[in-house]
Amino acid sequence: GAVVSQHPSWVICKSGTSVKIECRSLDFQATTMFWYRQFPKQSLMLMATSNEGSKATYEQGVEKDKFLINHASLTLSTLTVTSAHPEDSSFYICSARDWAGLFYEQYFGPGTRLTVT
Amino acid sequence: GQQLNQSPQSMFIQEGEDVSMNCTSSSIFNTWLWYKQDPGEGPVLLIALYKAGELTSNGRLTAQFGITRKDSFLNISASIPSDVGIYFCAGQRGSRLTFGEGTQLTVNP
């Protein structure tokens, strides 16, 4: 149980275009999902917290107008990178939160590799 | 944002050897977690610690939550080739996770 999927697994886009990444909890409902970004050989950095039915909460330094998050259902959150630039190339990972008996555990998706040319 | 100080940054060991890595923070966390990430994949939870001083084992893995809630270590005993990957510590406060910089582990057969 507690499987999280992401689609697509990788995407290449041209500079200036927009890209949408989907994050789905497959066997549980998640009122809260998270979006992380990971550059090569670096750690995961939290970008935003996605709450079902309400606006996302963005971390300091993350442009909310550039990284649009929509959490329209209890099993789906989407991240849209608008007007992508080469510096947005990164590994984007989502997680979904579920009660694990003693604490809320975050289950991570397999990630989406974005390359902007 | 704040990151945890994780060391060592990388380790090269022979199969069968034991491994130890640790994380420290200037802030207190309610929960400490250890994850493993394989190339091109998301992190997978190995051990969760939620009581100060707690020592928990999961197979060949042993982790401890520091008594001050500001540090943790992870030990891997009798390493095998499939232990290769990046190990991250993470501190949890509320719903937010803060990750360490990671330890790249290489196991030579």
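Of A:G101, A:G53, A:G16, which is the most mobile in a GNM of chain A whose springs link Cα atoms less than 10 angstrom apart?
A:G101
Please work out the Cα center distance from region A:1-27 to region A:59-75, rounded to the nearest Å.
13
Calculate one ³J(HN,Hα) per residue across region A:102-116 by plugging θ = phi - 60° into the Karplus curve 6.51 cos²θ - 1.76 cosθ + 1.60, and present them in order as whole Hz with x for glycine and proline.
The phi angles translate into 10, 7, 7, 9, 9, 9, 9, x, x, x, 10, 8, 9, 10, 10 Hz.
Considering the options B:L49, B:L74, B:F99, tell which one lies farthest towards the positive end of the dipole of region B:38-109, charges being +1 on Lys and Arg and -1 on Asp and Glu at the Cβ, about the Cα centre.
Checked the options; the winner is B:L49.
If you average the sequence gap of Cα pairs under 8 Å that are 6 or more apart and divide by the length of chain A, what percent do you get for the contact order? Numbers along the way, then the final one.
Values: 297 pairs, mean separation 41.8, N = 117.
It rounds to 36 percent for chain A.
What dipole magnitude, in Debye to the nearest 20, does region A:36-88 give about its Cα centre under +1 on Lys/Arg Cβ and -1 on Asp/Glu Cβ?
Dipole size: approximately 80 debye.
Amide H neighbours of A:C94 under 5 Å, at least 5 residues apart or on other chains, H built in the peptide plane: list them.
A:Y36, A:G109, A:G111
Would you compute, for the Cα atoms of region B:30-109, the largest minus smallest coordinate along each principal axis and list the three values in descending order, in whole Å?
38, 25, 17
Ordered by residue, what ³J(HN,Hα) values in Hz, to whole numbers, does region B:37-43 give under the Karplus form 6.51 cos²θ - 1.76 cosθ + 1.60, where θ = phi - 60° and Gly and Pro are x?
So the J values, rounded to whole Hz, are 10, 8, x, x, 10, x, x.
Specify the residue with the greatest mean-square fluctuation among B:G59, B:G85, B:G40, computed from a Gaussian network of chain B linking alpha-carbon atoms under 10 Å apart.
B:G40
Report, in debye and to the nearest 20, how large the dipole of chain B comes out about its Cα centre when Lys and Arg carry +1 and Asp and Glu carry -1 on their Cβ.
The dipole of chain B has a size of about 540 debye.
Please give the residues of region B:67-81, grouped as numeric ranges, whose backbone N is less than 18 Å from a label point set 7 Å along the Cα-to-Cβ vector of B:K51.
Label zone hits: B:67-73.
Quote to one decimal, in nm, the extra length available between B:T24 and B:R96 on full extension: 0.36 nm per residue of separation minus the C-alpha distance between them. List each step's numbers first, then the result.
Values: separation 72, 0.36 × 72 = 25.92 nm, distance 1.71 nm.
Here the segment from B:T24 to B:R96 would lengthen by 24.2 nm.
Would you list, by chain and number, the aspartates and glutamates whose Cα falls below 16 Å from the Cα of A:K14, excluding same-chain residues fewer than 8 positions away?
Filter leaves A:E87, A:D88.
Please state the Cα pair-distance histogram of chain A with 10 angstrom bins from zero: what percent is in each bin?
15, 48, 31, 6, 0
Exposed loop sites here are trypsin sites (Lys or Arg not before Pro) in DSSP loop states with at most 11 other C-beta atoms within 10 Å. What is the longest stretch of chain A lacking them?
A:42-117
Roughly what would the spin-label model give for B:S7 and A:T17, points 7 Å off Cα along C-beta, in nm?
4.6
Antiparallel as a % of all DSSP beta bridges within the protein assembly as shown, to the nearest 5? Walk me through the intermediate numbers first.
Details: 75 of 85 bridges.
Antiparallel bridges: around 90 percent, rounded to the nearest 5.
Pairs A:K41/A:K64; A:K66/B:K51; A:K41/A:K66: which exceed 29 Å Cα-Cα? Present the calculation step by step, with values, prior to reporting the outcome.
Working: A:K41/A:K64 25 Å; A:K66/B:K51 39 Å; A:K41/A:K66 24 Å.
Violating the 29 Å Cα-Cα cut-off are A:K66/B:K51.
May I ask for the equivalent-ellipsoid semi-axes of the protein assembly as shown, computed as the square root of five times each C-alpha gyration tensor eigenvalue and listed largest first in whole Å?
30, 20, 16
Quick note: the coordinates plus some simple rules give every number you see, no bench work behind them. Nothing here was measured: the structure is a model prediction, and the numbers come from that model. Here Cβ is always computed from backbone atoms with ideal geometry, including for glycine, and neighbour counts include all displayed protein chains.
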